[in-house]
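Engineer: Here it is: the structure, laid out below.
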Amino acid sequence: MNTGKIETSVFEIAKNLLVGIKTTLKTFFRKPVTFEYPREKLKIAPRFRAFPRLNVNKDGSLRCVACMLCMTICPSEAIRIIAGYVDYGLENELTEREKGNHSLDNLAKGVFDDGRRHPSLFEIDMLRCICCGYCEEICPEEAIELDGNYEVAFYSRGESVYPIEKLKMNFKRKYT
Ligand code: SF4
Ligand code: SF4
């Protein structure tokens, strides 16, 4: 039996044990670096950006003019827009799911009388969104903007698709 080797490994084990104890003692009395989410919230930096929101004018109307640029540039195809169908006579092209979308109720005929083009359907799938910010960059109307809201949670995949009303609610700051 090689006693020299045994002595070395015993020495190694004791050394590693002491290093472990030293590390434990060093951190034992320190304040934890983790926090009890969701009871405690992470303090985010003021410029932190997460998921997109839809901005509104002072009168509460959407700033979006349904130009489709954000939908086109979105790398994960998370955005889906249908431009004001009432004015363009496209209601027959809506699927049953789209007709059941309550965003459309709020954009019934007459809301387009301001002469602006608006989306009748605007959805973002938060499960697809990768918070890249391309939509915000390309928007000519400052109508879509990434928000500091990083808390999106759902019980089903369907709930991950945010309609207009939810995207408006997603924001913390209004456009002024
Ligand atoms: S942040 Fe990026 S991934 Fe998310 S909706 Fe905008 S363009 Fe698409
Ligand atoms: S959010 Fe901006 S880029 Fe997207 S459709 Fe509306 S106006 Fe165009």
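Engineer: Please pick out the residue among TYR134, TYR162 that is at pLDDT 90 or above, within 20 Å of CYS67 (Cβ to Cβ), aromatic (Phe, Trp, Tyr) and within 12 Å of ligand 2 (Cβ to nearest atom).
Structural biologist: Just one listed residue meets the conditions, TYR134.
Engineer: Taking the criterion of being touching a Phe, Trp or Tyr at 6+ places or on another chain (Cβ under 6 Å), modelled with pLDDT under 95 and away from ligand 1 (no atom under 14 Å from the Cβ), would at least one residue in region 146-153 satisfy it?
Structural biologist: Looking for residues that are touching a Phe, Trp or Tyr at 6+ places or on another chain (Cβ under 6 Å), modelled with pLDDT under 95 and away from ligand 1 (no atom under 14 Å from the Cβ), one finds none in region 146-153, hence no.
Engineer: If you don't mind, there's one more thing I want to ask. If I ask for residues that are in contact with a Cys (Cβ under 9 Å, 6 or more places away or on another chain) and part of a loop (DSSP other than H, G, I, E, B), which ones from region 52-75 would you list?
Structural biologist: Within region 52-75, ASN55, ARG63, CYS64, CYS67, CYS74, PRO75 meet the criteria.
Engineer: In contact with a Leu (Cβ under 6 Å, 6 or more places away or on another chain) and part of a loop (DSSP other than H, G, I, E, B): is that true of ARG49 in this structure?
Structural biologist: The answer is yes for ARG49.
Engineer: Could I ask something else about it? I need every pair where a residue in region 111-123 that is modelled with pLDDT of 70 or more has its Cβ under 8 Å from the Cβ of a residue that is among the acidic types (Asp, Glu) and surrounded by 21 or more Cβ atoms within 10 Å (Cβ to Cβ), sequence separation at least 6 or different chains.
Structural biologist: Correct list of pairs: empty, since none qualify.
The values are calculated or read from the model by the stated rules, or taken from the named source; none is laboratory data. It should be emphasised that the depicted structure is a prediction, and the values quoted were computed from it without experimental measurement. Methodologically, a virtual Cβ is constructed for each residue, glycine included, from the backbone with ideal geometry; neighbour enumeration extends over all protein chains shown.
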